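Visitor: This is the structure, below, for whatever I ask next.
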Amino acid sequence: MTQLDLAFVRSQFPAFAEPGLAGFAHFENAGGSFACRQTVETLDRFYRKTKVQPYYAFEPSATAGARMDSARERLAAWLNVPREELHFGPSTSQNTYVLAQAFRRHLRPGDEVIVTNQDHEANIGAWSRLQDDGIVVRTWQVDETGELRAADLEALLGTRTRLVAFTHCSNVVGSIHPVRELTDLVHRAGAWAVVDGVSFCPHGLPDVAALGADIYLFSLYKVYGPHLGAMYVRTELASQLPSQAHFFKGDALAGRFTPAGPDHPQIAAVNGVMDYLEAVATRHGHGGLAVPTRAAAVRQLFRDHETRQLRPLLDFLGNHRRVRLIGPASATARAPTVAFTVEGQSSAAIATRLAELDIGVGVGNFYAYRLLQALGIDTTDGVVRASFVHYTSQEEVARLIAALETLLS
Ligand SMILES: Cc1ncc(COP(=O)(O)O)c(C=O)c1O
């Protein structure tokens, strides 16, 4: 099957059968996706049957630990990275915060860190605060359209550059960056590349090994799963960074960047996300393939469906004389995270009117505060953001466009 079986996909999400949500069109997926059935069931099962301290020999403790281990193993395989290099933490913001504390002890005054002004603050603020310890923080600035240009990064890289933090896909601009090209550039300068994958991953978990990032972060609550952050950290880097765990834990890699006790049920519930992705693969005839090939096939199914739904929305917004569309007007260049402002109308008012029609869009600065400042957009009223994923139907997109047509006329 080459086209996404949308009826099958939607049957895997309890929200679409929930009477209380009948008629609601979800267009704030970049904030948080619906959870798939498998996530809800795994969480429920864990709480009912294995909600004890895991990893002891007694049952149900041993089973709880095994479920957590399998979650890590399966997600790592799907991302095409070794399981030892994948860690779970409470959220991406907390994960970057902890990693930055490790870098604080690792870097020397005068070393340089590059951040962008396009990213969510989670991948800017923690790194920027290193300047309190004498680290020089440089900003890779967006151009007047909000885009980052590789040439501008190249001009900032130098012999003291140690780390470059950028996003796979901005949660406002939406364009998908050529991550491999950029990580190669960063590595040629002798620096580490930290990539925020939060906005990209809901559209298909990537082959992280192929991207070449040294650190890759994303949030599972936007990928049909529980409220949890995941981070890949290359061993070569992890082993150089000082542990952030309790002192008596020594130099073990496991737990090095997760000082707090993890949320056991939520880690186990990542199995639900994996069960769902496996079910999509099997449904479309890709079940027997090797894991990276299976993952690539699912990614392509999602991408093709999303691109088809995205075109009419971009056509409408891109051609409306009062709309300022942020990011590319071409569906193939971007994720279906579509932010815009409207001349003469407040973003908050538009979002409220859409809410009255049972259409849920986001509004505000989405913590891409510095980006909105650079684009000259009021950071309080912000932008309207309509974001969707592979389970969104053509009818829902048509409904959004029709509502906007009326509101903006
Ligand atoms: C692009 C991007 N990066 C990072 C984050 C922060 O993720 P978390 O909520 O897991 O801290 C978000 C959250 O919305 C985001 O959209």
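The values are calculated or read from the model by the stated rules, or taken from the named source; none is laboratory data. The structure displayed is predicted, hence computed values, not measured ones. As a convention, Cβ positions derive from the backbone with ideal geometry for all residues, glycine included, and neighbour counts pool all protein chains shown. All accessible areas refer to the heavy atoms of the entire protein, side chains included, with ligands and DNA or RNA removed. Shrake-Rupley method; radii C 1.70, N 1.55, O 1.52, S 1.80 Å.
Visitor: Gap in Å between the Cα centre of region 227-268 and the Cα centre of region 156-220?
Guide: 20 Å
Visitor: 7 Å from Cα along Cα→Cβ at both Tyr55 and Thr332: what's the point-to-point distance in nm?
Guide: 4.8 nm
Visitor: Another one. Counting DSSP beta bridges with both partners in region 87-211, what percentage is antiparallel, nearest 5? Kindly include the intermediate steps, with their values, before the conclusion.
Guide: Working: 1 of 14 bridges.
Antiparallel: roughly 5 percent of the beta bridges in region 87-211.
Visitor: Gaussian network model of the chain, Cα springs within a sub-10 Å range: biggest mean-square fluctuation belongs to which of Thr159, Thr167, Thr116?
Guide: Thr159
Visitor: How much of the accessible area of the chain, in percent, comes from carbon and sulfur atoms when a 1.4 Å probe is used? Kindly include the intermediate steps, with their values, before the conclusion.
Guide: On the way: 8490 of 16490 Å².
Here it works out to 51 percent.
Visitor: OK, next. Under the rule a/c < 1.5 gives rounded, and otherwise a/b versus b/c splits prolate from oblate, where does region 195-263 land using the Cα gyration tensor? Spell out each step's value before the answer.
Guide: Numbers: a/c = 3.48, a/b = 1.50, b/c = 2.33.
In terms of gyration-tensor shape, oblate.
Visitor: Still on this structure, please answer the following. Pick from Arg74, Arg188, Arg37: which is most flexible by mean-square fluctuation in a GNM of the chain where alpha carbon atoms under 10 Å apart are linked?
Guide: In this elastic network of the chain, the residue with the biggest mean-square fluctuation among Arg74, Arg188, Arg37 is Arg188.
Visitor: Membrane-span-like helices in the chain: DSSP H runs reaching 27 Å or more (Cα, own axis), mean Kyte hydropathy at least -1.0? Write out the running numbers ahead of the final one.
Guide: Working: long enough: 61-79 (28 Å, -0.20); 264-283 (30 Å, 0.22); 291-319 (41 Å, -0.46).
Counting only whole DSSP H runs, the qualifying helices are 61-79, 264-283, 291-319.
Visitor: With a ≥ b ≥ c taken as the square roots of the eigenvalues of the C-alpha gyration tensor of the chain, please select rounded if a/c is under 1.5 and otherwise prolate if a/b is larger than b/c or oblate if it is not? Write out the running numbers ahead of the final one.
Guide: On the way: a/c = 1.76, a/b = 1.11, b/c = 1.59.
Since a/c reaches 1.5 but b/c is at least a/b, the shape of the chain is classed as oblate.
Visitor: For region 3-45 and region 304-381, what is the centre-to-centre distance using only Cα atoms, to the nearest Å?
Guide: Spelled out, the Cα-based centre of one part sits 23 Å from the other.
Visitor: So for each of 44-53, 84-93 I average, over its residues, the number of other beta carbons within 10 Å; can you give me the resulting order with the highest mean first?
Guide: Values: 44-53: 15.0, 84-93: 20.0.
The packing order, highest mean first, is 84-93, 44-53.
Visitor: Compute the Cα gyration tensor for region 135-249, then decide on rounded, prolate or oblate, letting a ≥ b ≥ c be the square roots of its eigenvalues: rounded whenever a/c is under 1.5, prolate when a/b is larger than b/c in the other cases, and oblate in all that remain.
Guide: On the way: a/c = 1.87, a/b = 1.09, b/c = 1.72.
Here region 135-249 falls in the oblate category.
Visitor: If you don't mind, another one. Count the net charge of all other residues whose Cβ sits under 10 Å from the Cβ of Leu4, scoring Lys and Arg as +1 and Asp and Glu as -1.
Guide: On the way: positive: Arg283, Arg303, Arg308; negative: Asp5, Asp304, Glu306.
Net local charge, Leu4 excluded: 0.
Visitor: Would you kindly derive the ³J(HN,Hα) couplings of region 223-230 from the backbone phi angles with the Karplus curve 6.51 cos²θ - 1.76 cosθ + 1.60 (θ = phi - 60°), listing them in order in whole Hz, with x for Gly and Pro?
Guide: In residue order, the calculated couplings are 10, 6, x, x, 7, 7, x, 10 Hz.
Visitor: What value, in deg cm²/dmol to 500, does the helix sum -39500 (n - 2.57) over DSSP H runs of n ≥ 4 give at 222 nm once divided by the residues of the chain? Present the calculation step by step, with values, prior to reporting the outcome.
Guide: Values: 14 runs with 161 residues, N = 409.
Helices in the chain give a 222 nm mean residue ellipticity of -12000 deg cm²/dmol.
Visitor: Given H placed 1.01 Å from N in the peptide plane, which residues other than close sequence neighbours of Asp5 have an amide H under 5 Å from its amide H?
Guide: Amide H to amide H, under 5 Å and 5 or more residues apart or across chains, Asp5 pairs with nothing.
Visitor: Of the candidates Asp304, Asp263, Asp132, which one comes out as most mobile in a Gaussian network treatment of the chain with C-alpha springs shorter than 10 Å?
Guide: Answer for the Gaussian network model of the chain: Asp132.
Visitor: With every protein chain kept in place and ligands, DNA and RNA left out, what is the accessible area per residue of the chain? Probe 1.4 Å, answer in Å².
Guide: Values: 16490 Å² over 409 residues.
The answer is 40 Å² per residue.
Visitor: Report the Cα centroid-to-centroid distance between region 97-116 and region 129-144 in angstrom, as an integer.
Guide: 10 Å
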